[in-house]
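The values are calculated or read from the model by the stated rules, or taken from the named source; none is laboratory data. Bear in mind the structure is a predicted one, so any value in this text is a computation, not a measurement. Here the Cβ is made from the backbone with ideal geometry for all residues, glycine too, and neighbour counts use every protein chain on show. We work out accessible area using only protein heavy atoms, side chains counted, and drop any ligands, DNA or RNA first. Shrake-Rupley method; radii C 1.70, N 1.55, O 1.52, S 1.80 Å.
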Amino acid sequence: MITVILPSDSNFGSKNALLQFCVESPLVRHIILAGSIEKNRTVIPKCTLVQCPSISAGKILRKILSLVRTEYIVFIAEPQNVEIVDRAFDRFLSVAEQSGAGMAYADYAEMKNGERLDHPVNDYQIGSMRDSFDFGPVLIFSTAAIKKTLKRCGDIRDGARSGWYDLRLKLSIDHLVFHIPEMLSIKTESDARTSGEKQFDYVDLRNRQLQREMEKTATEHLKRIGAYLRPKFSKMPKTREKFPAEASVIIPVRNRARFIADAVNSAVSQKTDFPINCIVVDNFSGDGTTEILRKLAEKDARIRHIIPARRDLGIGGCWNEAVFSEHCGRYAVQLDSDDLYANERSMQMIINEFRRDSFAMVIGSYTLVKMNLAELPPGVIDHREWTPANGRNNALRINGLGAPRAFNTAVLRSIGGFPNVSYGEDYAVELNISRRYRIGRIYESIYLCRRWEGNTDAALPAERINRNDAYKDALRSLEIRARQRMNRGRL
């Protein structure tokens, strides 16, 4: 019934427990070991060896699939670190048959520092098109669904490492991608870094070629599902609104007595050829932040200290308090309460970019720093993968567009502002604005992003990561639907 595909290397021998499990399973008819394998090695029952540098390469994956003669394919990533639980293959097979899914995946357990932890994964939706989606270590595919998909959508594209990504996206168009909410495997963690450390892999220069390849794959997928946007943009709407300043620095804050004075002083010390103010939305701090802000506002009339009437506001809700207030300037510019502008010309550079062309939003670059402002690797985060023509399409593959973010206030108000959440509120607005309007970029670092234990994304448990990822997937789903409707002339 099953062909098992295992990425392997010269150290992956016949005594490997997972390989032995597959050999002994009555459900497994064929095993394909693919990778850097020794040519003269012990013959292993049921096994075919495929020499290749990468099992994710398009032409290699096409070759591997041509060897399959079974109804189902099981792919196991990192097989040297994975254990299949008792009767898991039976369960995978049963679910695949009953659901008719093109692909199914399951929750798993994770071994970290000798401790076993449950690692649930998310349900798949149309917006789960990011290449970082966590399917767990074991996936099952319907061979018939793969053949039907490739006949309709075209063969797996040539790419050094995007083969599985391309196959998954194509399968998801017409076939169910089913999540089994059961722990069916155990994985020994091979990457012990925190969530805060892993999130910057995307901008690592060593991954630049891979990211270009993934972008091409994702863009072709958007074209197939009618959500691709050509490089044609709407004109900026005219507004008769009058603003009290040209630009406002927006700082939502809750319990940041340690940093807030630095942030506010960084804002009001900006040297500009236009008037600015600083709107600090104090979300009922209880650590002395309120008192610090009150004293700062008494000394400088440009500092607007707002305490909301509502107590249920997230970061997005705090932004709305500022953006829709009478104090907000023509442009609203981000400054997180524990961060700083890199120099006193940062604000001028942002507004100069708005003046340079017709942009609804401008995004700068930032430098990761320690508490003492010493630079942290990977240093400057500039998102140079962005292109004016395709940036808004690639935005549906990645988790964010960068910082600091600055907005045309009239546009921001016209789309209803931010969702009232404390994660992904910026991404929601970025996607919405990019659907119609152009976004300007500054590739010089103009912002210092402090990394410390209090960052909202510093070291999150799996459940919190899942909740955050599911929300951004939902935002992508909404945006894909909106773009499909817009392309059909219905929005």
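General observations
- When the range 295-326 is filtered for residues that are within 31 Å of the chain's Cα centre (by Cα), surrounded by 20 or more Cβ atoms within 10 Å (Cβ to Cβ) and not acidic (Asp, Glu), the ones remaining, listed by number, are LEU313, ILE315, GLY316, GLY317, CYS318, TRP319, ASN320, ALA322, VAL323.
- Taking the criterion of being within 26 Å of the chain's Cα centre (by Cα) and free of Cβ contacts under 8 Å to residues at least 40 places away in the same chain, no residue of the range 327-353 qualifies.
- In the range 330-348, the residues that are surrounded by fewer than 22 Cβ atoms within 10 Å (Cβ to Cβ) and more than 18 Å from ASN265 (Cα to Cα): ARG330
- Residue satisfying condition, being open to solvent by less than 40 Å² (accessible area, probe 1.4 Å) and either out of contact with any Pro (no Cβ under 7 Å at 6 or more places or on another chain) or at positive phi (or both), within set GLU425, GLU453, GLU444, GLU430: GLU430
- Consider the range 225-261 and keep the residues that are in a loop (DSSP other than H, G, I, E, B), under 30 Å from ARG310 (Cα atoms) and of a type in the set (Gly, Ala, Ser). The one that is most open to solvent (accessible area, probe 1.4 Å) is ALA257.
- Residues that are aliphatic (A, V, I, L, M) and closer than 30 Å to LYS232 by Cβ, drawn from the range 364-392: ILE381, ALA389
- With respect to (1) loosely packed, with under 14 Cβ neighbours inside 10 Å; (2) more than 22 Å from LEU171 (Cβ to Cβ), the lone exception for SER66 is condition (2).
- Checking each residue in the range 122-142 for being open to solvent by less than 10 Å² (accessible area, probe 1.4 Å) and either within 22 Å of the chain's Cα centre (by Cα) or polar (S, T, N, Q) (or both) picks out GLY127, SER128, MET129, ARG130, PRO137, VAL138.
- Among residues that are surrounded by fewer than 18 Cβ atoms within 10 Å (Cβ to Cβ), over 19 Å from LEU475 (Cβ atoms), out of contact with any Asp or Glu (no Cβ under 6 Å at 6 or more places or on another chain) and at pLDDT below 95, ASN372 is included.
- Any pair with Cβ under 7 angstrom, 6 or more apart, that starts in the range 206-224 at a residue that is of a type in the set (Asp, Glu) and buried (at least 17 other Cβ atoms within 10 Å of the Cβ) and ends at one that is assigned to a helix (DSSP H, G or I) and at pLDDT 95 or above: GLU215/ASN394
- The residue that is nearest to LEU49 (Cα to Cα), among those in the range 17-30 that are at pLDDT 95 or above and among the aliphatic types (A, V, I, L, M), is VAL28.
- Strands (runs of 3 or more DSSP E) enclosed by the range 319-417 - at least 3 residues per element that are among the hydrophobic types (A, V, I, L, M, F, W, C): 361-369, 375-381
- Out of ILE363, ILE315, sole residue that is in contact with a helix residue (DSSP H, G or I) (Cβ under 7 Å, 6 or more places away or on another chain), of a type in the set (Val, Ile, Thr) and farther than 21 Å from SER269 by Cβ: ILE315
- Within the range 393-404, the set of residues being open to solvent by less than 50 Å² (accessible area, probe 1.4 Å) and under 14 Å from the mean Cα position of the chain (by Cα) comprises ASN393, ASN394, ALA395, LEU396, ARG397, ILE398, GLY400, LEU401, GLY402.
- Qualifying residue in the range 151-163 (condition: within 27 Å of GLN211 (Cβ to Cβ), open to solvent by 50 Å² or more (accessible area, probe 1.4 Å) and at pLDDT 95 or above): yes
- GLU375 being among the charged types (D, E, K, R) and touching a Gly at 6+ places or on another chain (Cβ under 8 Å): no
- Condition check for LEU448: among the hydrophobic types (A, V, I, L, M, F, W, C), modelled with pLDDT of 95 or more and within 14 Å of the chain's Cα centre (by Cα): no
- Selection count, the range 405-435, where residues are more than 19 Å from GLN125 (Cβ to Cβ), small (Gly, Ala, Ser) and under 16 Å from the mean Cα position of the chain (by Cα): 1
- Of all the criteria given as (1) open to solvent by less than 50 Å² (accessible area, probe 1.4 Å); (2) modelled with pLDDT under 95; (3) of a type in the set (Val, Ile, Thr), the one not satisfied by THR42 is (1).
- Close pairs (6 angstrom Cβ cut-off, 6 or more residues apart or separate chains): over 20 Å from LYS472 (Cα atoms) in the range 401-416, open to solvent by 20 Å² or more (accessible area, probe 1.4 Å) anywhere: ALA406/TYR331; THR409/ARG330; ALA410/THR239; ALA410/GLU241
- In the range 264-294, residue nearest to ASN320 (Cα to Cα) [restricted to those that are in contact with a Cys (Cβ under 9 Å, 6 or more places away or on another chain) and open to solvent by less than 10 Å² (accessible area, probe 1.4 Å)]: VAL281
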